[in-house]
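Okay, so here's the structure we're looking at.
The values are calculated or read from the model by the stated rules, or taken from the named source; none is laboratory data. These numbers come from a predicted model, not from an experiment. Quick reminder, even Gly has a Cβ in these numbers, built from the backbone with ideal geometry, and neighbours come from all protein chains shown.
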């Protein structure tokens, strides 16, 4: 079945919204993003410490990482990717070559905040069934709800 890219990406975004992860604990999120990047066929892909210098990270938690790795594993994250992200080295960088012309850079924060998400039925994620399943953790509301 060939799903239109818009529908596939809306499903992905809602899935990530439902399973938020705080900074340096985005194991599931990184794994899903990497799967999508591989699916579109990027020219270069670096994950975790291959994407940046781990020594330059700030506010990396000393504890609690393994429980987030376990959650990602339970949700089906690729074990090889989880291994590459050991120590909270989450995130990815991809390059997509499209020929000569201007270059465009895009940076996206993928970490969640320690905030309770609304259960009000007027709140789109609650009304449409993709509210955060992680208590006291949610993705920022800087995205449109499609």
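List the number of the failed condition for residue 85; all other conditions in (1) touching a helix residue (DSSP H, G or I) at 6+ places or on another chain (Cβ under 7 Å); (2) modelled with pLDDT under 95 hold.
Residue 85 satisfies all of (1) touching a helix residue (DSSP H, G or I) at 6+ places or on another chain (Cβ under 7 Å); (2) modelled with pLDDT under 95 except (2).
Does the stretch 129-136 contain any residue that is in the same structural domain as residue 6 (by TED's automatic domain parsing), over 19 Å from residue 23 (Cβ atoms) and either modelled with pLDDT of 95 or more or surrounded by 12 or more Cβ atoms within 10 Å (Cβ to Cβ) (or both)?
yes
Given 29, 90, which one is over 20 Å from residue 135 (Cβ atoms) and either surrounded by fewer than 16 Cβ atoms within 10 Å (Cβ to Cβ) or touching a residue at least 24 places away in the same chain (Cβ under 8 Å) (or both)?
Only one candidate qualifies: 90.
Please pick out the residue among 35, 44 that is over 17 Å from the mean Cα position of the chain (by Cα), free of Cβ contacts under 8 Å to residues at least 60 places away in the same chain and either more than 22 Å from residue 131 (Cβ to Cβ) or not assigned by TED's automatic domain parsing to the domain that holds residue 93 (or both).
That would be 44, the only listed residue that is over 17 Å from the mean Cα position of the chain (by Cα), free of Cβ contacts under 8 Å to residues at least 60 places away in the same chain and either more than 22 Å from residue 131 (Cβ to Cβ) or not assigned by TED's automatic domain parsing to the domain that holds residue 93 (or both).
Filter the stretch 93-128 down to residues that are outside any loop (DSSP other than H, G, I, E, B) and more than 16 Å from the chain's Cα centre (by Cα) and give me whichever is surrounded by the most Cβ atoms within 10 Å (Cβ to Cβ).
Per the stated criteria, the residue is 125.
Anything in the stretch 78-87 that is crowded, with 19+ Cβ neighbours inside 10 Å and not in a helix (DSSP H, G or I)? List them, or say none.
If the condition is that a residue be crowded, with 19+ Cβ neighbours inside 10 Å and not in a helix (DSSP H, G or I), then 85 is the only one that fits.
Which residue is surrounded by the fewest Cβ atoms within 10 Å (Cβ to Cβ), if the candidates are limited to the stretch 1-26 and must be closer than 20 Å to residue 74 by Cβ and without any contact (Cβ under 8 Å) to a residue 40 or more places away in the chain?
11
Select from the stretch 37-77 the residues that are assigned to a helix (DSSP H, G or I) and loosely packed, with under 15 Cβ neighbours inside 10 Å and list them in ascending order.
38, 39, 40, 50, 54, 55, 56, 66, 67, 70, 74
What residue, among those in the stretch 94-110 that are touching a helix residue (DSSP H, G or I) at 6+ places or on another chain (Cβ under 8 Å) and closer than 22 Å to residue 27 by Cβ, is modelled with the highest pLDDT?
Result: 94.
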